[in-house]
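Every number in this text was worked out from the coordinates using simple rules, so none of it is lab data. This structure is a prediction, so every number in the text was calculated from the model and none was measured. Cβ coordinates were reconstructed from backbone atoms using ideal geometry, including for glycine residues, and neighbour counts include every protein chain displayed.
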Amino acid sequence: MIEFKGENIYPEEVITYLKKNLQIKEVCNNILYQKIITQAVKERDINITPEEIQVEADRIRYENRLVKANDTLAWLTDQLVLPNDWENGIRDILLTKKLAESLFAKEVEKYFLENQLDYDQFLLYQIVVPYPQLAQEICYQIQEGELSFYDAAHIYDIDERRRKHCGYEGQFSRWNLKPDVASVVFNAKPKDVLDPLIIDQKSYILMVEEFIPAELTPQRHQEILDKMFKEWLAAELNYLLHA
């Protein structure tokens, strides 16, 4: 039972709420994931020291501007969490990180090299108009030097945000695009204005301003590590359910 704002809330009420709002499956999945992690950590004799917990707790306090001990206690009380529950939660997070590193840290570079094309990025500009004839006319004006791509986007694009940014759509990877579009884009040269494409009944004029070769940065290293660990967890859960 939890006392909240003067009212008692019982476990069965929490479960009923989660079921009615279609959240129960996610919670149950996470509980099973935690059981798998706990067992794997035990088998590999992975441990967390009190000092490591303290460092992470201090980081969380700093992020939440909890300067004094009383501030932290008040924050935990507001979250309906006891200090011991918080510490156990931190321990679980740190153990999960250590487990992921133990399983896959040495595999990240190999995975990156095998899938490097998926991590190449590019700066994409585009003009979207409703009619193919208009798209062809815009392309002609750009090719003849009557209008720059950026000016054309500012004048003709159907999207107000892109008009204001002269066609800038964003930084993308190959997997952000449909395969047929990705093939066209990655075979283009920077600054080339591509022939109009019909996508979802609209006409697109694309231009790649810059290609950005993939690098295994610390952030990308962590992304790949997290991906491999999540896939491992899902496989372990599937095995557990069908064993």
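Quick look at the numbers
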read-out	value
Modelled FRET efficiency - R0 25 Å, residue 102 with residue 220, Cβ distances, 0.05 increments	0.80
D (Stokes-Einstein, µm²/s), Kirkwood Cα radius, the chain, 0.890 mPa s at 25 °C	106
Order of 2, 93 under a 10 Å beta carbon neighbour criterion, fewest first	2, 93
For a label point 7 Å along the Cα-to-beta-carbon line of residue 34, residues of the range 78-112 with backbone N under 17 Å	79-99
Whole-Å distance, taken between Cα centres, linking the range 221-243 and the range 30-89	23
Between 0 and 90°, nearest 10: helix 132-143 axis offset from the chain longest Cα axis	70
Per-residue ³J(HN,Hα) for the range 100-108, Karplus 6.51 cos²θ - 1.76 cosθ + 1.60, θ = phi - 60°, Hz, x for Gly and Pro	4, 5, 5, 7, 10, 4, 7, 9, 4
Full-extension gain in nm, residue 3 to residue 133, via 0.36 nm per residue minus C-alpha separation	40.2 nm
Hz values of 3J(HN,Hα) by residue in the range 75-83 - Karplus curve (6.51, -1.76, 1.60), Gly and Pro given as x	5, 5, 4, 5, 8, 6, 10, 7, x
Anchor residue 110: lysines whose Cα lies under 23 Å away (excluding residues fewer than 8 positions away in-chain)	97, 98, 227, 230
Calculated [θ] (222 nm, deg cm²/dmol) that DSSP helices of n ≥ 4 give over the chain, each run adding -39,500 (n - 2.57)	-18500 deg cm²/dmol
Under 26 Å from the Cα of residue 5 - lysines, other chains or at least 8 residues apart	19, 20, 68
Rounded FRET efficiency, nearest 0.05, which uses the C-beta distance separating residue 171 from residue 88 and R0 of 45 Å	0.70
